[in-house]
1. Mind counting lysine pairs for me in the chain? Cα separation below 26 Å, and the two need to be 8 or more apart along the chain or on different chains.
2. For the chain, compute Rg over Rh where Rg is the Cα radius of gyration and Rh is the Kirkwood radius from the inverse mean 1/r over Cα pairs.
3. Grab the Cα-Cα distance for Thr105 and Ser75, subtract it from 0.36 nm times how many residues apart they are, and report the gain in nm with one decimal.
4. For the chain, build the charge dipole from Cβ charges (+1 Lys, Arg; -1 Asp, Glu) around the Cα centre, then report which of Ile25, Ser75, Ala5 sits farthest towards its positive end.
5. For an R0 of 35 angstrom, estimate the FRET efficiency from the Cβ-Cβ distance between Lys123 and Tyr87 and round to the nearest 0.05.
6. If you bin the C-alpha pair distances of segment 2-64 every 10 Å from 0, what whole percents do you get?
7. Just tell me the longest site-free run in the chain, where the sites are trypsin sites (Lys or Arg not before Pro) in a DSSP loop having at most 13 other beta-carbon atoms within 10 Å.
8. Could you work out the helix-only [θ] at 222 nm for the chain, with each DSSP H run of four or more residues adding -39,500 (n - 2.57) and the total divided by the number of residues, to the nearest 500 deg cm²/dmol?
Amino acid sequence: MARIANVVIPDEKQVQISLTYVYGIGPVHAARILDATSIEATKRVKDLSETELKKLRDEIDSNFMVEGDLQRVVSGNIKRLKDIQAYRGVRHKNNLPSRGQRTRTNGRTRRGKKSAVGGSQPKAATKT
């Protein structure tokens with residue numbers, strides 16, 4: 001089991017895919033890291049030597065903000081928007097989409113499960 005940035009990355013996958021399991025590293029950053037460390041992208045993680053793993057760790061630690069530090073920065077940015085009551089901050093606070101999406105018909109992912117408004121349906125008239 002290889003650990004990079006305090007994340008256990010899968011051994012059976014290729015290095016370029018395994019690196020994306022770290023928060024803050026996507027496919028583009030993974031490719032840049034592998035170019036900088038001159039490691040073959042299609043090599044499996046289980047086939048990496050200790051020196052190659054150390055190169056990866058050093059490259060990520062020195063040039064990228066990942067995991068806890070990045071999450072702290074992102075949550076701090078959102079908190080700042082809420083504190084100054086910017087439009088985006090208000091949308092975050094109310095659990096609504098903050099990037100201009102419509103909410104009349106869509107937006108269920110952000111808004112949650114639909115709830116009925118107005119109680120039950122009126123009862124149908126019956127013959128007496």
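1. Lysine pairs meeting both conditions in the chain amount to 17.
2. 1.27
3. This chain segment gains 8.0 nm when fully extended.
4. After comparing all options, I get Ser75.
5. The calculated FRET efficiency here is 0.20.
6. P(r) for segment 2-64, in whole percents per bin: 24, 68, 8.
7. 1-98
8. -13000 deg cm²/dmol, from helical runs alone.
A short reminder: the numbers here are calculations on the coordinates, not readings from a lab. Keep in mind it's a predicted model, so treat the numbers as computed, not measured. Please note: Cβ atoms are built from the backbone with ideal geometry, for glycine as well, and neighbour counts cover all protein chains shown.
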